[in-house]
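Presented below is the structure to which this report refers.
The values are calculated or read from the model by the stated rules, or taken from the named source; none is laboratory data. This structure is a prediction, so every number in the text was calculated from the model and none was measured. Heads up, the Cβs are rebuilt from the backbone with ideal geometry, glycines too, and the neighbour counts pull from every protein chain shown. Just the protein is used for accessible areas: all its heavy atoms, side chains included, with ligands, DNA and RNA removed. Shrake-Rupley method; radii C 1.70, N 1.55, O 1.52, S 1.80 Å.
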Amino acid sequence: MSSDKTSGSDPRRVDEPNLVERLVGATKRTVGDALNSVDADSFYSVGDDIADTKAPAVPIDQRWDERKFNAKLVNPANRRKLSVIIVGTGLAGGAAAATLGEAGYKVTSFCYQDSPRRAHSIAAQGGINAAKNYRNDGDSIYRLFYDTVKGGDFRSRESNVYRLAQTSVQIIDQCVAQGVPFAREYGGLLDNRSFGGVQVSRTFYARGQTGQQLLLGAYQALERQIAAGTVEMHTRHEMLEVIVVDGKARGVVVRDMVTGELETHFADAVVLATGGYSNVFFLSTNAMGCNVTATWRAHRKGALFANPCFTQIHPTCIPVSGDYQSKLTLMSESLRNDGRIWVPKSGEDKRDPREIPEAERDYYLERIYPAFGNLVPRDIASRAAKNVCDEGRGVGPGGLGVYLDFADAIERLGRKTVEAKYGNLFDMYAQITGENPYETPMRIYPAVHYTMGGLWVDYDLQSTIPGLFVTGEANFSDHGANRLGASALMQGLADGYFVLPNTINDYLAAGPFAKVDESHPAAVEAVQAVHDRVEKLLAVKGTRTVDSFHRELGHIMWDYCGMERSEEGLRKAITRIRELRTEFWSDVLVLGQGDSVNQALERAGRVADFLELGELMCIDALVRRESCGGHFRAESQTEDGEALRHDDEFAYVSAWEFAGDGGKPVLHREPLVYEYVEMKQRSYK
Ligand SMILES: Cc1cc2nc3c(=O)[nH]c(=O)nc-3n(C[C@H](O)[C@H](O)[C@H](O)COP(=O)(O)OP(=O)(O)OC[C@H]3O[C@@H](n4cnc5c(N)ncnc54)[C@H](O)[C@@H]3O)c2cc1C
């Protein structure tokens with residue numbers, strides 16, 4: 001059942017050739033069929049398994065070179081005849097637009113902000129990983145690969161992760177060449193620090209503003225191409241539909257957010273670099289504008305959506321302080337290098353933390369995980385924080401907080417050193433909470449931060465719609481069930497600067513494709529669908545604000561599809577989301593008109609998509625009856641309450657096919673085969 005009747009018919013062109021058809025049968029069914037019996041009739045159906053067919057069958061350290069060598073090239077003169085639309089100007093999209101522009105392709109770039117450099121990537125604080133081994137502490141490409149596969153709880157594709165580790169080394173060189181001001185050691189080498197889930201120091205950083213500095217680098221490169229005329233930039237334009245012609249992605253429908261005008265743009269290929277969808281939870285550390293619309297619209301047109309329920313909950317965020325709040329603030333993971341996490345041993349202990357003696361504190365991460373201590377991966381740290389709070393030992397209002405204490409670090413290193421490393425983060429904390437973290441421990445609690453799920457892509461970063469490529473957080477590709485800290489920037493820049501520019505050529509070499517313009521039936525239909533949807537939102541004229549629906553959806557998602565999930569809770573959530581979606585379409589109030597700036601209208605469209613995505617996330621979580629990554633499934637735990645994976649049944653990527661409004665989504669599984677890292681239950685003890 002679905003209440004969204006914005007488009008009269010199933011928007012997919014089922015008669016069109018689809019990559020899914022080419023991918024199924026490429027692999028034997030290797031995943032257990034036990035899940036078929038549980039919910040198949042009520043919520044979803046199971047389709048054929050799929051596989052990535054692009055990674056060459058050679059040893060893993062040769063795959064990327066081999067793929068680059070075998071991919072068809074486009075000679076520089078022909079590149080000028082080929083066009084690419086890139087939606088998104090964060091690290092993934094900005095880097096891709098600059099690189100493809102420099103290569104000579106005709107690029108058209110879109111973002112909804114007023115400047116490409118306001119993309120959400122600018123918020124990234126802590127750093128970016130690379131296997132440079134500057135510290136001579138045993139790091140290597142293989143170790144970064146190993147850590148990432150293990151950190152992702154064995155739910156990512158080995159080929160992609162290995163390539164990511166290989167490419168990491170080039171990223172740092174590229175960014176240094178652009179002038180990104182990474183922190184340096186006294187001797188001049190770039191400095192490194194550690195992030196969770198690893199025992200080496202491989203995180204490059206620019207104070208607590210790494211994303212900002214990296215984005216300025218990409219932005220300058222992009223601006224250079226804009227000035228050179230290879231990139232045409234459209235700010236304040238929101239993409240609301242993909243145009244699919246003869247089975248290929250050939251364009252987009254965008255809304256000019258100032259005039260409300262709907263425009264069509266066409267190209268030989270389309271790239272979505274539109275970021276993650278954490279804001280489905282309403283409260284998250286993401287920028288307020290982050291949304292799922294671009295990828296969700298593509299999903300409705302035939303792109304499979306992979307692992308939608310894999311959400312990262314970050315352990316070090318400033319706790320929620322009240323109902324009025326619409327945004328949560330991250331305290332960078334880098335703080336766990338020097339801060340120690342603890343709660344009082346007794347839940348009754350309400351003293352000022354500075355008055356609680358050492359013997360009465362529980363440094364629970366150091367106690368439970370002595371090998372990694374405060375630097376366990378995010379999922380482990382988040383769940384441990386939740387556990388101590390559930391035991392009644394949480395601190396601060398409502399008992400939903402733990403201490404992150406710098407007293408030892410200040411004594412050991414001196415306040416000046418701590419200030420130099422983390423000063424801007426401490427200032428931010430003081431401004432938000434009114435407490436001085438140099439004198440009293442910070443209070444932190446887990447919050448939604450990143451989405452590992454996204455559109456399914458093959459090794460070439462191509463989705464199941466030919467010609468539609470997806471990069472950065474918008475795709476599902478590299479992080480499995482849990483992303484290690486400082487690996488998102490790495491992936492975004494790897495995709496944008498190095499991977500996509502070496503794979504999209506293989507597709508474009510067959511172009512330029514037949515010219516398409518706005519009179520093509522597929523374009524007319526896409527524009528009409530967007531127009532009808534805008535009109536429908538404006539016509540409801542109900543009584544509830546968009547935000548009130550969003551907030552309620554967020555509560556449902558957090559309660560039932562957050563850190564802990566259960567069959568009963570997820571079923572309840574699905575029912576409630578369906579009801580909420582019906583209420584939305586009959587009672588939402590969107591003031592103003594469509595032909596001018598209208599932020600309520602923008603938000604309404606995004607929340608409508610979140611209301612569809614939320615249901616798929618819960619269905620995905622329902623199917624995955626195992627605990628993996630930060631997703632604790634109540635029915636799947638060891639005797640002592642630890643998370644329990646079920647590799648025999650769930651070692652696969654779940655890739656969902658849209659089955660039309662009211663249809664049951666179809667689950668395609670991509671079995672995950674581990675040839676290089678032995679699958680085992682993770683231990684950070
Ligand atoms: C507070 C915070 C701190 C972080 N710190 C780190 C860190 O230290 N290290 C790390 O590795 N990762 C970090 N991350 C994660 C990392 O910042 C993101 O995963 C990454 O920046 C995403 O980059 P992106 O290019 O994929 O997308 P984004 O930067 O989100 O860019 C998305 C782009 O798409 C555009 N867009 C989206 N939808 C549309 C549409 N419909 N139409 C037109 N344009 C659209 C937007 O305008 C924007 O330009 C952090 C995240 C947060 C929230």
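Descriptive notes on the structure:
- Sole residue being under 17 Å from the mean Cα position of the chain (by Cα), modelled with pLDDT of 95 or more and buried (at least 24 other Cβ atoms within 10 Å of the Cβ), chosen from Arg155, Arg163: Arg155
- Candidate set: the stretch 379-391, residues that are surrounded by 18 or more Cβ atoms within 10 Å (Cβ to Cβ) and out of contact with any helix residue (DSSP H, G or I) (no Cβ under 7 Å at 6 or more places or on another chain); chosen: the one modelled with the lowest pLDDT: Asp379
- Glu602 vs. criteria open to solvent by 10 Å² or more (accessible area, probe 1.4 Å), within 28 Å of the chain's Cα centre (by Cα) and more than 25 Å from Glu564 (Cβ to Cβ): yes
- Residue match in the stretch 52-68 (condition: in contact with a strand residue (DSSP E or B) (Cβ under 8 Å, 6 or more places away or on another chain) and open to solvent by 20 Å² or more (accessible area, probe 1.4 Å)): yes
- Test for Gly197: is it in contact (Cβ under 8 Å) with a residue 40 or more places away in the chain, within 14 Å of the ligand (Cβ to nearest atom) and either over 24 Å from Asp114 (Cβ atoms) or not in a strand (DSSP E or B) (or both): yes
- Top-ranked residue of the stretch 104-143 - restricted to ones that are out of contact with any helix residue (DSSP H, G or I) (no Cβ under 6 Å at 6 or more places or on another chain) and polar (S, T, N, Q), ranked as nearest to Arg163 (Cα to Cα): Ser140
- Within the stretch 593-636, no residue satisfies the criterion of being at positive phi and at pLDDT 95 or above.
- Residue check for Gly188: at positive phi, at pLDDT below 95 and away from the ligand (no atom under 14 Å from the Cβ): yes
- Verdict on Asp268 being touching a helix residue (DSSP H, G or I) at 6+ places or on another chain (Cβ under 7 Å) and among the charged types (D, E, K, R): yes
- In the stretch 520-534, residue least open to solvent (accessible area, probe 1.4 Å) [restricted to those that are in contact (Cβ under 8 Å) with a residue 60 or more places away in the chain and among the β-branched types (Val, Ile, Thr)]: Val530
- In the set Leu240, Leu262, only one residue is modelled with pLDDT of 95 or more, open to solvent by 10 Å² or more (accessible area, probe 1.4 Å), of a type in the set (A, V, I, L, M, F, W, C) and in contact with a His (Cβ under 7 Å, 6 or more places away or on another chain); that residue is Leu262.
- Condition check for Glu612: assigned to a helix (DSSP H, G or I), open to solvent by 30 Å² or more (accessible area, probe 1.4 Å) and charged (D, E, K, R): no
- Options Gly260, Gly251: the member that is small (Gly, Ala, Ser), away from the ligand (no atom under 13 Å from the Cβ), in contact (Cβ under 8 Å) with a residue 60 or more places away in the chain and in a strand (DSSP E or B): Gly251
- Residues (within 30 Å of Tyr684 (Cβ to Cβ) and of a type in the set (Val, Ile, Thr)) located in the stretch 192-229: Val198, Val200, Thr203, Thr210
For (1) within 10 Å of the ligand (Cβ to nearest atom); (2) of a type in the set (D, E, K, R); (3) open to solvent by 10 Å² or more (accessible area, probe 1.4 Å); (4) in a loop (DSSP other than H, G, I, E, B), each residue gets a yes or a no:
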position: Val271; (1), (2), (3), (4): no, no, no, no
position: Gly275; (1), (2), (3), (4): yes, no, yes, yes
position: Thr285; (1), (2), (3), (4): yes, no, yes, yes
position: Asn291; (1), (2), (3), (4): yes, no, yes, yes
position: His299; (1), (2), (3), (4): no, no, no, no
position: Pro308; (1), (2), (3), (4): no, no, no, yes
position: His314; (1), (2), (3), (4): yes, no, no, no
position: Ser321; (1), (2), (3), (4): no, no, yes, yes
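- Among the numbered conditions (1) open to solvent by less than 30 Å² (accessible area, probe 1.4 Å); (2) modelled with pLDDT under 95; (3) at negative phi, the only one that Gly217 does not meet is (2).
- Within the stretch 345-378, the set of residues being open to solvent by 60 Å² or more (accessible area, probe 1.4 Å), closer than 23 Å to His314 by Cα and in a loop (DSSP other than H, G, I, E, B) comprises Pro370 only.
- Of the candidates Asp506, Asp495, the single residue that is more than 15 Å from the ligand (Cβ to nearest atom), in a helix (DSSP H, G or I) and more than 23 Å from Leu667 (Cα to Cα) is Asp506.
- Restricting attention to the stretch 139-187, the residues that are part of a helix (DSSP H, G or I), touching a residue at least 24 places away in the same chain (Cβ under 8 Å) and charged (D, E, K, R) add up to 5.
- Residue in the stretch 120-131 that is in contact (Cβ under 8 Å) with a residue 40 or more places away in the chain and closer than 18 Å to His237 by Cβ present: yes
- Here Val343 qualifies as hydrophobic (A, V, I, L, M, F, W, C) and more than 30 Å from Arg533 (Cβ to Cβ).
- Applying the criterion of at least 1 residues that are more than 16 Å from the ligand (Cβ to nearest atom), at pLDDT 95 or above and over 26 Å from Asn307 (Cβ atoms) to the helices (runs of 4 or more DSSP H) found wholly in the stretch 29-138 leaves 63-70, 76-79, 91-103.
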